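*Asks:* Quick one: the structure is below, questions incoming.
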Amino acid sequence: MYFPETRLRRLRYNPVLRDMVSETRVTHNDLVMPLFAIHGTKVKNPIKSMPGNFQLSVDMLVEEVKSLRDVGVRSILLFGIPEHKDETGACATHDDAIVQRAVIAIKKAVPEMHVIADICNCEYTSHGHCGTIVNGDVDNDLTLETLAAQAVSFARVGVDMVAPSDMMDGRVARIRQALDENKFTNMPIMAYSAKYASAFYGPFRDAAESAPKFGNRQTYQMNPDNSNEAMREIDFDIAEGADIIMVKPAMSYLDIIRRAKDTFNIPIAAYNVSGEFSMVKAAAANGWIDETRIMKEILTSIKRAGADIILTYFAKDMAIELNKR
Ligand code: PBG
């Protein structure tokens with residue numbers, strides 16, 4: 001029966017009932033907070049385009065991780081800004097590199113925090129590309145070796161999961177092989193599988209000091225026009241051994257998240273990236289939107305689209321919000 005016998009508004013009058021029939025709920029378990037590690041002590045450099053986010057020296061990072069734990073954030077994603085960059089990103093493959101140092105300190109102070117390390121070269125190369133440059137372009141197969149070396153080093157210092165974000169072909173297989181050869185057979189890989197060449201990464205590149213010095217990332221990151229290709233990327237990554245696949249960015253790619261959810265039987269992560277965060281902050285600072293409601297609506301939409309895990313700079317704010325209920 002339809003209207004007037006049935007009225008859909010009946011289930012909307014009582015707030016308890018509204019919650020009872022709610023189909024989607026973001027929880028603390030879904031959230032991952034990205035953080036930026038930098039050399040030095042007592043360093044807390046504000047990232048201008050990402051209010052509330054900082055480049056943090058290891059001592060300050062540990063304090064931030066404690067406060068994240070205290071509000072119920074259970075997982076973080078680490079990026080590093082090295083002291084000296086080099087041609088290939090080799091500076092990130094040593095156990096005393098910046099992210100590795102951060103991991104060791106965090107695991108000592110807050111062992112229960114789930115620590116994910118982003119694997120990529122763009123923060124570590126002098127040219128800002130995600131791999132080794134040969135004849136003006138990123139050489140795929142050479143780059144796999146630095147990525148694998150990074151992964152093994154992260155595993156050695158005690159990360160809980162690695163997350164390759166470089167978009168080289170074959171990197172999940174190469175990283176899996178390297179981890180297994182070094183007896184890290186239980187180390188999960190969360191692959192940035194459908195990662196688009198997006199303008200939404202702008203603020204992140206300020207934060208990580210990783211903007212390419214020439215050209216762009218269109219020869220390795222995906223064309224935003226494509227959806228079928230995303231399914232191929234995900235299919236390849238699963239075949240190569242990915243344990244979790246990721247869609248990135250999130251808000252303009254909710255269709256990709258939903259399609260991946262319907263197509264594949266694997267946990268799906270979505271990265272609510274820097275530009276998506278900064279737009280909300282900027283509009284809120286102008287008094288144009290209600291930041292808290294917008295944050296909840298965005299994160300709920302990403303979960304409703306099919307994401308099991310949401311990487312977001314709102315993780316702390318959302319955890320605090322969830323604690324109020
Ligand atoms: C590294 C990497 C990037 C992001 C995550 N890992 C930047 C890029 O590809 O240029 C972006 C995250 C964000 O915008 O929040 N390759």
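*Asks:* Shape verdict for the chain, please, from the Cα gyration tensor: rounded (a/c under 1.5), prolate (a/b greater than b/c) or oblate.
*Replies:* prolate
*Asks:* Among G241, A319, A269, which residue has its Cα furthest toward the positive end of the charge dipole of the chain, with +1 on Lys/Arg Cβ and -1 on Asp/Glu Cβ?
*Replies:* The one lying farthest along the dipole's positive direction is A319.
*Asks:* State the answer as a single residue: which of V280, S198, P164 lies farthest towards the positive end of the charge dipole of the chain, with beta carbon charges of +1 for Lys and Arg and -1 for Asp and Glu, about the Cα centre.
*Replies:* Final value for the positive-end residue is V280.
*Asks:* Quick one: order V103, V62, V21 by neighbouring beta-carbon count within 10 Å, fewest to most.
*Replies:* So the residues, fewest neighbours to most, are V21, V62, V103.
*Asks:* Right, here's the next one. Counting each DSSP H run of 4 or more residues in the chain as -39500 (n - 2.57), what helix-only mean residue ellipticity at 222 nm follows after dividing by all residues, to the nearest 500 deg cm²/dmol?
*Replies:* Rounded to the nearest 500, it is -12000 deg cm²/dmol.
*Asks:* Moving on to the next point. For T263, T300, T146, T41, what ranking results if the residue with the fewest other Cβ atoms within 10 Å of its Cβ goes first?
*Replies:* Sorted ascending by nearby Cβ count, the order is T41, T263, T300, T146.
*Asks:* What pairs from K261/K324; K195/K281; K108/K296 go past 28 Å between their alpha carbons?
*Replies:* On the way: K261/K324 30 Å; K195/K281 23 Å; K108/K296 33 Å.
Over 28 Å Cα-Cα: K261/K324; K108/K296.
*Asks:* How high is the relative contact order of the range 193-245, in percent, with contacts defined as C-alpha pairs under 8 Å that are six or more residues apart? Walk me through the numbers before you get to the answer.
*Replies:* Numbers: 28 pairs, mean separation 27.2, N = 53.
Value for the range 193-245: 51 percent.
*Asks:* Right, another one. Which distance in Å, rounded to a whole number, links the C-alpha centroids of the range 46-61 and the range 273-288?
*Replies:* 17 Å
*Asks:* Right, next: Quick one: compute the contact order of the chain, relative version, from alpha carbon pairs under 8 angstrom and 6+ residues apart, as a percent.
*Replies:* Working: 627 pairs, mean separation 58.0, N = 325.
About 18 percent, as a whole number.
*Asks:* Longest exposed-loop-site-free stretch of the chain, with chymotrypsin sites (Phe, Trp or Tyr not before Pro), DSSP loop and at most 12 other Cβ within 10 Å?
*Replies:* Result, exposed sites excluded: 14-213.
*Asks:* When the dipole is taken about the Cα centre of the chain, and only Lys, Arg (+1) and Asp, Glu (-1) are charged at their Cβ, what size is it in debye, to the nearest 20? Present the calculation step by step, with values, prior to reporting the outcome.
*Replies:* On the way: 38 positive and 43 negative charges, 308 e Å.
In debye, rounded to 20, the chain gives about 1480.
*Asks:* What's the exposure ranking of C91, C120, C130, going from fewest to most Cβ atoms within 10 Å?
*Replies:* Ordered by Cβ neighbours within 10 Å, fewest first: C91, C130, C120.
*Asks:* Right, here's the next one. Restricting to bridges with both residues inside the chain, how much of the DSSP beta-bridge set is antiparallel, in percent to the nearest 5?
*Replies:* Details: 5 of 39 bridges.
Among the beta bridges of the chain, antiparallel pairing accounts for roughly 15 percent.
*Asks:* While we're looking at this one, here's another question. Say the cut-off is 24 Å between C-alpha atoms; which of K48/K316; K66/K248; K44/K248; K44/K316 go over it?
*Replies:* Correct reply: K66/K248; K44/K248.
*Asks:* Treating cross-link reach as a plain straight distance, find the aspartates and glutamates whose alpha-carbon is under 19 Å from the alpha-carbon of K303, omitting any fewer than eight places away in the same chain.
*Replies:* Filter leaves D19, E23, D30, D243, D255, D262, E276, E291, D317, E321.
*Asks:* Tell me which of V21, V115, A148 sits at the most positive position along the dipole axis of the range 8-245, charges placed on C-beta atoms (Lys, Arg +1; Asp, Glu -1).
*Replies:* V21
Since every read-out is calculated from the coordinates, none of them should be taken as a lab result. The shown structure was predicted, so the numbers you read here are calculated from the model rather than taken from an experiment. With ideal geometry, Cβ positions are generated from the backbone for all residues, glycine too; neighbour counts draw on all protein chains shown.
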